[in-house]
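To keep things clear, I will list the structure first and then write my remarks on it.
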Amino acid sequence: MDHVDHADQPDQPGRAARPSSPIREELRTAQATVLERWATPGSFWTAAQRLAIVEQVRRARDATPLAPWEAPSGVDGLTGDGTELPAAAVDAVWRLTNHPGTLTHSWYQQLLDRGRAAGPYVELVAVVAQANLVDRFADALDLDRPPLPPPTPGAPTGEVAPGCAVRDHWVPTAPIKGPNVIKALSLLPFENGSRALLSDVHYVPDAALLGDLASGHGALSRPQIELIAARTSTLNECFY
């Protein structure tokens with residue numbers, strides 16, 4: 001079992017020293033791999049833009065909350081200067097991060113009307129979800145959020161899965177079987193791969209979602225995992 005050691009950090013007056021936090025190596029490895037993927041060109045966004053999405057997630061998490069209908073791109077100084085992202089994308093990042101329970105199909109359609117296409121939207125959703133997982137993990141353990149790597153040069157790949165169409169989701173999905181959580185990002189194999197990479201170690205492997213309801217993962221049994229997952233989904237107003 002690996003540990004994050006805070007012994008080299010001086011204690012603050014009146015504050016107890018923070019204990020070491022045990023972290024499984026597979027968690028550390030998966031998160032490090034996803035960080036490198038953020039710095040790689042995606043299907044529709046450059047590496048610099050993908051890293052800018054993560055930076056906006058962090059700004060959204062740390063800012064004084066806005067109402068869901070308020071556009072952060074219209075507030076001076078809130079989203080930073082010189083961002084690589086268009087205003088519609090910035091506003092979407094903040095809404096996805098702070099108010100995911102308020103998303104509607106009409107909101108999604110308005111986003112398309114502002115010049116965003118389904119493919120770039122799916123990639124943006126994927127990176128936002130990944131960034132929230134990695135950063136909330138660090139926040140919960142009172143650790144520093146991981147620094148972002150430099151962007152890799154290159155153009156977006158344009159890669160999409162074959163046979164995609166709008167079926168049960170707002171966005172096109174691949175003709176695959178399985179629960180919606182596996183289908184939702186299936187338009188973009190690279191992002192669905194990142195989802196699986198994180199889900200396998202933080203939750204359960206895809207193959208166990210519907211089949212293995214008994215085995216545990218880490219220190220928790222499957223029923224304990226599902227209790228936490230259901231409670232978290234309820235608090236986040238997730239209707240999957």
Would a scan of segment 207-229 turn up a residue that is open to solvent by 50 Å² or more (accessible area, probe 1.4 Å), over 22 Å from residue 131 (Cα atoms) and touching a Pro at 6+ places or on another chain (Cβ under 7 Å)? yes
Identify, by number, the condition in (1) open to solvent by 20 Å² or more (accessible area, probe 1.4 Å); (2) of a type in the set (S, T, N, Q); (3) closer than 21 Å to residue 67 by Cβ that residue 192 doesn't meet. (3)
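Yes/no per residue for (1) touching a residue at least 12 places away in the same chain (Cβ under 8 Å); (2) in contact with a Lys or Arg (Cβ under 8 Å, 6 or more places away or on another chain); (3) small (Gly, Ala, Ser); (4) closer than 16 Å to residue 191 by Cα:
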{"position": "92", "(1), (2), (3), (4)": "yes, yes, yes, no"}
{"position": "127", "(1), (2), (3), (4)": "yes, yes, no, yes"}
{"position": "133", "(1), (2), (3), (4)": "yes, no, no, yes"}
{"position": "146", "(1), (2), (3), (4)": "yes, no, no, no"}
{"position": "150", "(1), (2), (3), (4)": "yes, no, no, no"}
{"position": "154", "(1), (2), (3), (4)": "yes, no, yes, no"}
{"position": "165", "(1), (2), (3), (4)": "no, no, yes, no"}
{"position": "180", "(1), (2), (3), (4)": "yes, no, no, yes"}
Return only the number of the condition from (1) buried (at least 18 other Cβ atoms within 10 Å of the Cβ); (2) touching a Leu at 6+ places or on another chain (Cβ under 8 Å); (3) at pLDDT below 95; (4) in a loop (DSSP other than H, G, I, E, B) that residue 178 does not satisfy. (1)
Can you confirm whether residue 50 is modelled with pLDDT of 95 or more, of a type in the set (Lys, Arg) and either open to solvent by 70 Å² or more (accessible area, probe 1.4 Å) or out of contact with any Lys or Arg (no Cβ under 7 Å at 6 or more places or on another chain) (or both)? yes
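Restricting attention to segment 53-73, and to residues there that are of a type in the set (S, T, N, Q) and in contact with a helix residue (DSSP H, G or I) (Cβ under 6 Å, 6 or more places away or on another chain), which single residue is least open to solvent (accessible area, probe 1.4 Å)? Explain how you work it out, then say what you get.
Here is the first cut: in segment 53-73, the residues of a type in the set (S, T, N, Q) are 56, 64, 73.
Checking which are in contact with a helix residue (DSSP H, G or I) (Cβ under 6 Å, 6 or more places away or on another chain) leaves us with 56, 73.
Working: 56: 6, 73: 48 Å².
Ranking the qualifying residues of segment 53-73, first place goes to 56.
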Based on this model, can you work out whether residue 63 counts as aliphatic (A, V, I, L, M) and modelled with pLDDT under 85? no
For segment 14-30, state whether one or more residues are open to solvent by less than 80 Å² (accessible area, probe 1.4 Å), among the hydrophobic types (A, V, I, L, M, F, W, C) and at pLDDT 95 or above. yes
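The values are calculated or read from the model by the stated rules, or taken from the named source; none is laboratory data. All values derive from a computational prediction rather than experimental measurement. With ideal geometry, Cβ positions are generated from the backbone for all residues, glycine too; neighbour counts draw on all protein chains shown. Heads up: the accessible areas ignore ligands, DNA and RNA and are worked out on the full protein's heavy atoms, side chains in. Shrake-Rupley method; radii C 1.70, N 1.55, O 1.52, S 1.80 Å.
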